[in-house]
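Input: a single structure, listed below in structure tokens.
The values are calculated or read from the model by the stated rules, or taken from the named source; none is laboratory data. Keep in mind it's a predicted model, so treat the numbers as computed, not measured. Cβ placement follows ideal geometry from the backbone for every residue including glycine, while neighbour counts extend to all protein chains displayed. We work out accessible area using only protein heavy atoms, side chains counted, and drop any ligands, DNA or RNA first. Shrake-Rupley method; radii C 1.70, N 1.55, O 1.52, S 1.80 Å.
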Amino acid sequence: MASKNHEAHWSKTSGLMKITLALWFFFGYVIFMFGNDINSMSFLGYPLAYYMTAQGSLAAFVIILFWSTGKQQKIDEEHGVSDAGRDD
Amino acid sequence: MFKGKFTDNLPKIYGVYTGGFLVFCLLMAILENQGVTAKTIGVLFVAFTVLIYAFIGYLSRTMQASAYYVAGREVPTVFNGMATAADWMSGASFVAMAGGIYFGGYTYMAFLVGWTGGYILVSSLLAPYLRKFGCYTVPDFIGTRYGGNVARFCAVIVLVLASFTYVTAQINATGTIASRALGIPFETAVYVGLASILMCSMLGGMRAVTWTQVAQYIVLIIAYLLPVFWISNKIGAGFFPHFMLGDEVKRIAELEAQFGLVTNSKAALAAHPETKGLAYIKTAHSAVPVGAMAAWKYISLVICMMVGTASLPHILMRYFTTPSVTAARRSVAWSLFFIFLLYFSAPMLATLSKISLMDPNLPTGIIGKSISDVQSIEWVKNWMAVKQVAIVDFNGDGILQLNEWFMRGGVVVLATPEVAGLPYVISGLVAAGGMAAAMSTADGLILAISNALSHDVYYKIINPKADTAKRLMVARVLLVIVGIFGAYIASMRLTGILGSVAWAFDFAMSGLFFPLVLGVWWKRATRQGAVAGMIGGLAAGTAYLIYVGPKFMAMTPWLGIDHLRFGLIGAPVCLILMVVVSLMTDEPDAKTQAMVDEIRIPSGRTVTGN
């Protein structure tokens, strides 16, 4: 059976997964459900929906992933289960 | 110069390599000034880069199973990111994507969002856990987690089907580029391409593919970004195009209104066979199509591409090569960053290409000019001669209208440097980049297929007593057979590049996504459930593809789910079957459950001990 520590680690890991996927859902889907409504707004001179599909959502994914990875490493370290040292 | 461990010297090695490549480009520019022909420069570019990859492949030869299958699990985070990016970005991404955006506008760009967002699923749901598991191949995980050869074999079938659909398109692309650059017939060029691909992978397996893919990424990203920046500066659109093309996008919308977006009738097109396989602009560049159905078409494509990304074995197996679980996770983020560099440039290239051709105020503009003038332009003549470009004067006014200019999608990337008046050396560079993109993806795919066959089918199912030398021998023979078979199919030119690329994603998501994800996230998932899911999902998806596929039964799609999106039928069937059957069967034994607990924790030994 998994120990208490491991269970706590997994519940935090799952929590982070859910937040990450919620952000992913927003930038990957929610925005484009309203593509037609937001395209009259503009960003950097581009129509907004055009900008999001050409660049904005892509950049958001990169940022979300680096953020989420950093956060996960903190969770691993907190529970003493990180293997980051193996890189050297 | 190089002391200590090989992996510590990587930044230096690839730094020298990049410098050397730039010097080579300069040398070619000098040769061009000296009057060397464009053709010779094209040949030199492709031949030189391919020889370098083959040399790296030779240096990485190995006789160890762990080096052959997972590059010895010592690939550092950032370099694995670059290798994955090259593995990922195919000939289609490089050659066809900007063209797709050029003709398809906003709706086509669903591919950009789908092919990047999928990495969030890879990182959050799969890669770190599969790395901790310590498998050599993706079916290896399915086979061990669920137990039994049937589950393993089903995973191999999905893998082979998805990867093989994908690889023929890549060999096709290497053939197209090699035939253009070297001036040989396509049917021969396909095998020249295949020989180059095999040279990179045969001797060193995953280790060789990793180090050539890093080298290929460097070439392809330089070849993509340099023309984008150069053209943007040349036509005065801004020195950093990604943030400064707002005015050009607006101007294109104005020009669209001025020239009018006209759809040619089927009869008109049929009367002009020279337009077959070519496209013309009939869709707005930046406007969003109106209505719920249009939004659903966009979103459904994004779903398929994202979920497909997270199920493609040749991508997942790249994360088996990192030294740790943390490194695997971080490496996904770097992969996405390196992919992002190319993908956020593609719409800019499409915009620059479009404005160059459409704006009558620019010297390169052709729309709205007299047809006889346009026909005497050098690049138009060249591309018309090879049937990549066509002009039809539908209204007979002697002026070129938007709907009278036809072009093959790939021309946007391959010809824009020429159109904008850049020196030929850039076109040679672009050819080398396209070759790098197609080769690196083909290598990853062929290796994924032959590794699954040699490790999962031969070693795990047929002959578990085989020694390492024999296993690696079988692996190499299978590699060559798979490659030749792929080249043979490609030489028959069965499908266009993008149709089949999207199919690979749909096959993979239909059969593999839920068995993989639930294998990590749901302890209750059983062997019977997984087998039912894989078989049922794949069968349902394939049946639906045959039902709607334009070249098969061509029936009307349900809810706009056409042949590019058939994974939307396969994956839910897979999920439902897997959950229902799992709940009907006994829960997995304690050993399996402990194994699942184990992969959820980064530290400690891998589950398989490999």
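Give me the distance between the Cα centres of the range B:2-45 and the range B:287-327, rounded to whole Å. First find each Cα centre; the distance between them is then 34 Å. Both radii were evaluated on the Cα set of the range B:234-384; the Rg over Rh quotient, with Rh as the Kirkwood radius, amounts to 1.07. Helix B:424-451 and the longest principal axis of the C-alpha atoms of chain B enclose an angle of approximately 20°.
Checking the Cα-Cα distances for B:354/B:381; B:12/B:132; B:132/B:591; B:266/B:369 against a 22 Å cut-off, the pairs over it are B:12/B:132; B:266/B:369. Residue B:589 sits with roughly 90 Å² accessible to a 1.4 Å probe, with DNA, RNA and ligands left out of the calculation. Under 5 Å between amide hydrogens, built in the peptide plane, is the criterion, and for residue A:46 it picks out nothing among residues at least 5 positions away or on other chains. Taking all protein chains as present, what is the carbon and sulfur share of the accessible area of the range B:30-599, in % to the nearest whole number, probe 1.4 Å? About 67 percent, which is the carbon plus sulfur part of the accessible surface. Take residue B:551: with every protein chain present and a 1.4 Å probe, its accessible area is about 150 Å². Taking the convex hull of the alpha carbon positions in chain A and averaging its projected area over all directions gives 8.0 nm². What number comes out for accessible area per residue over the range A:4-80 if the probe is 1.4 Å? Units Å², please. Per-residue value: 46 Å². Residues whose amide H lies under 5 Å from that of residue B:399, counting only those 5 or more places away or on a different chain, are B:371; hydrogens are built 1.01 Å from N in the peptide plane. Other protein chain C-beta atoms within 10 Å of residue C-beta, averaged over B:102-113: 4. To the nearest ten degrees, helix B:246-259 and the longest principal axis of the Cα atoms of chain B are 60 degrees apart. Of the two radii for chain B, the radius of gyration is 0.98 times the Kirkwood radius, both from the alpha carbons; that is the Rg over Rh value.
Accessible surface ranking for B:330, B:145, B:408, 1.4 angstrom probe, highest first: B:408, B:330, B:145. Compared with its chain on its own, the range B:318-350 contains the following residues whose accessible area drops by 40 Å² or more in the full protein assembly (probe 1.4 Å; ligands, DNA and RNA excluded): B:323, B:324, B:326, B:329, B:330, B:333, B:336, B:340. With R₀ fixed at 35 Å, the C-beta to C-beta distance from residue B:481 to residue B:294 puts the FRET efficiency at about 0.20.
How large is Rg/Rh for the range B:497-564, to two decimals, with Cα atoms and a Kirkwood Rh? Rounded to two decimals, Rg/Rh equals 1.07.
Which value at 222 nm does the protein assembly as shown reach when only helices count, each DSSP H run of 4 or more adding -39,500 (n - 2.57), with the total divided by all residues and rounded to the nearest 500 deg cm²/dmol?
Calculated from helices alone, the mean residue ellipticity at 222 nm is -21500 deg cm²/dmol.
Note on residue B:551 and residue B:7: the model spin-label points, each 7 Å out from Cα along the C-beta direction, lie 4.3 nm apart.
What's the FRET efficiency of residue A:66 with residue B:369 using the Cβ-Cβ distance as r and R₀ = 56 Å, to the nearest 0.05? According to the calculation, E is roughly 0.70. Sorting B:362, B:516 by accessible area puts them as B:362, B:516; the probe is 1.4 Å, largest comes first, and only protein heavy atoms count.
Given the Cα-Cα distance of residue B:30 and residue B:258 and 0.36 nm per residue of separation, how much length would full extension add, in nm?
Result: 77.8 nm gained on full extension.
May I ask for log10 I(q)/I(0) of the protein assembly as shown at q = 0.06 Å⁻¹, from a Debye sum over the Cα atoms as equal point scatterers with solvent left out? With one equal scatterer per Cα and no solvent, log10 I(q)/I(0) is -0.33. Counting, for every residue in B:586-599, the Cβ atoms of other protein chains within 10 Å of its Cβ and taking the mean gives 1. Surface composition of the range A:6-88: carbon plus sulfur atoms contribute 67% of the solvent-accessible area (1.4 Å probe, protein chains only, all chains present).
Chains B and A together bury roughly 4600 Å² of accessible area, counting both sides, with a 1.4 Å probe on protein heavy atoms only. Rounded to the nearest 10 degrees, what's the angle between the helix B:527-548 long axis and the longest principal axis of chain B, both from Cα atoms, 0 to 90? Approximately 20 degrees, to the nearest 10. Mean per-residue shielding of peptide A:38-51 is 5, counting Cβ atoms of other chains within 10 Å of each Cβ. FRET efficiency for the pair residue B:585 and residue B:233, taken as 1/(1 + (r/R0)^6) with r the Cβ-Cβ distance and R0 = 51 Å, rounds to 0.20. Computed with a 1.4 Å probe on the full set of protein chains, the accessible area for residue B:87 sits at about 0 Å². For chain B, the solvent-accessible area with a 1.4 angstrom probe is 34 square angstrom per residue. With every protein chain in place and a 1.4 angstrom probe, the accessible-area ranking of A:78, B:187, largest first, reads A:78, B:187.
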